[in-house]
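The values are calculated or read from the model by the stated rules, or taken from the named source; none is laboratory data. Please read all numbers here as calculations on a predicted model, not as lab measurements. Using ideal geometry, Cβ is built from the backbone for each residue, glycine included, and neighbour counts are taken over all protein chains shown. Please note that ligands, DNA and RNA were not included when accessible areas were found on the heavy atoms of the full protein model with its side chains. Shrake-Rupley method; radii C 1.70, N 1.55, O 1.52, S 1.80 Å.
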Amino acid sequence: MRLHRGRLNTIRTLAMLPFGLLLSTPLLAQETALELDPAQTQIHFTLDATLHTVHGTFKLKHSTVRFDPTTGKAGGLVVVDVTSGNTDNDGRDRKMHKDVLQSAQYPEATFVPAQVKGSVNPQGESQVEVQGVFKLHGGEHAITLTFIVQRSGDQLTARTSFVIPYQQWGLKNPSTFFLHVGERVDVEIQTAGRLTAAPQH
């Protein structure tokens, strides 16, 4: 029995649909790279102290994160410039860099992502957890960061907050007889970057 030409063309079109869908798969269906922009990244920290709270900032040096949306496996490196630490008080900053951070010896803090839990919506807000290793002052610490992510096309913004128990992590507590400071630092990060297809290895 002969098929009508129009019906035959329809069958061919339906047969080709899976291939067309594969070719038009969104960016986040393949291994993806996120490059954060240091100019659009703000890293703020606060530390409770006697009679007042210390506020300060650090700068992002560079960052590229890779992740596979299918498996959640992640990699890459986020590098913070520890020498950029600033609280707008020269004397306090000198003490912070010399006695606490020892930034001449440990000029960088890094975060190496290992696993992403959750997914990034094609548009709008999402929440994801990123597990990895945070390296500070020569020590390595497992940490999970919760990010609120906003995506628009290939542009992405994200924010997170977490606590660094710096004394438990081997850093000196700068308290004196007259000045007492807390044993934890609260960190807030807001950042933005661009999503691209990760290079194939």
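As an exercise: evaluate residue 64 against (1) in contact with a helix residue (DSSP H, G or I) (Cβ under 8 Å, 6 or more places away or on another chain); (2) farther than 14 Å from residue 137 by Cβ; (3) surrounded by fewer than 17 Cβ atoms within 10 Å (Cβ to Cβ) and give the number of the one condition it does not meet.
Of the numbered conditions (1) in contact with a helix residue (DSSP H, G or I) (Cβ under 8 Å, 6 or more places away or on another chain); (2) farther than 14 Å from residue 137 by Cβ; (3) surrounded by fewer than 17 Cβ atoms within 10 Å (Cβ to Cβ), the odd one out for residue 64 is (1).
Within the range 118-131, identify whether any single residue is in a strand (DSSP E or B), on the phi < 0 side of the Ramachandran plot, open to solvent by less than 30 Å² (accessible area, probe 1.4 Å) and in contact with an Asp or Glu (Cβ under 9 Å, 6 or more places away or on another chain), and answer yes or no.
Step one: filter the range 118-131 for residues in a strand (DSSP E or B), giving 123-131.
Checking which are on the phi < 0 side of the Ramachandran plot leaves us with 123, 125-131.
Among the residues that remain, those that are also open to solvent by less than 30 Å² (accessible area, probe 1.4 Å) are: 126, 128, 130.
Filter again for in contact with an Asp or Glu (Cβ under 9 Å, 6 or more places away or on another chain), leaving none.
Taking every residue of the range 118-131 in turn, none turns out to be in a strand (DSSP E or B), on the phi < 0 side of the Ramachandran plot, open to solvent by less than 30 Å² (accessible area, probe 1.4 Å) and in contact with an Asp or Glu (Cβ under 9 Å, 6 or more places away or on another chain).
In the range 82-113, which residues are over 20 Å from residue 175 (Cβ atoms), touching a strand residue (DSSP E or B) at 6+ places or on another chain (Cβ under 9 Å) and not in a strand (DSSP E or B)?
Result: 88, 104, 106, 107.
Among the candidates 124, 138, 75, 170, single out the residue that is more than 19 Å from residue 42 (Cβ to Cβ) and under 16 Å from the mean Cα position of the chain (by Cα).
Being more than 19 Å from residue 42 (Cβ to Cβ) and under 16 Å from the mean Cα position of the chain (by Cα) holds for just one of 124, 138, 75, 170, which is 75.
Take the residues of the range 78-95 that are open to solvent by 30 Å² or more (accessible area, probe 1.4 Å) and more than 24 Å from the chain's Cα centre (by Cα): which is nearest to residue 189 (Cα to Cα)?
So, considering only residues that are open to solvent by 30 Å² or more (accessible area, probe 1.4 Å) and more than 24 Å from the chain's Cα centre (by Cα), the one nearest to residue 189 (Cα to Cα) is 88.
Identify, please: which residue in the range 165-192 is open to solvent by less than 20 Å² (accessible area, probe 1.4 Å) and assigned to a strand (DSSP E or B) and is, among those, farthest from residue 120 (Cα to Cα)?
Out of the qualifying residues, it is 181.
Every residue in the range 51-61 that is under 25 Å from residue 91 (Cβ atoms) and either outside any strand (DSSP E or B) or open to solvent by less than 70 Å² (accessible area, probe 1.4 Å) (or both), please.
Selection gives 51, 53, 54, 56, 57, 58.
Consider residue 147 against the criteria (1) touching a residue at least 24 places away in the same chain (Cβ under 8 Å); (2) within 20 Å of residue 57 (Cβ to Cβ); (3) in a strand (DSSP E or B); (4) open to solvent by less than 70 Å² (accessible area, probe 1.4 Å): it satisfies all of them except one. Which criterion is unmet?
(1)
Select, from 70, 10, the only residue that is at pLDDT below 50 and not in a strand (DSSP E or B).
Criteria check complete, one pass: 10.
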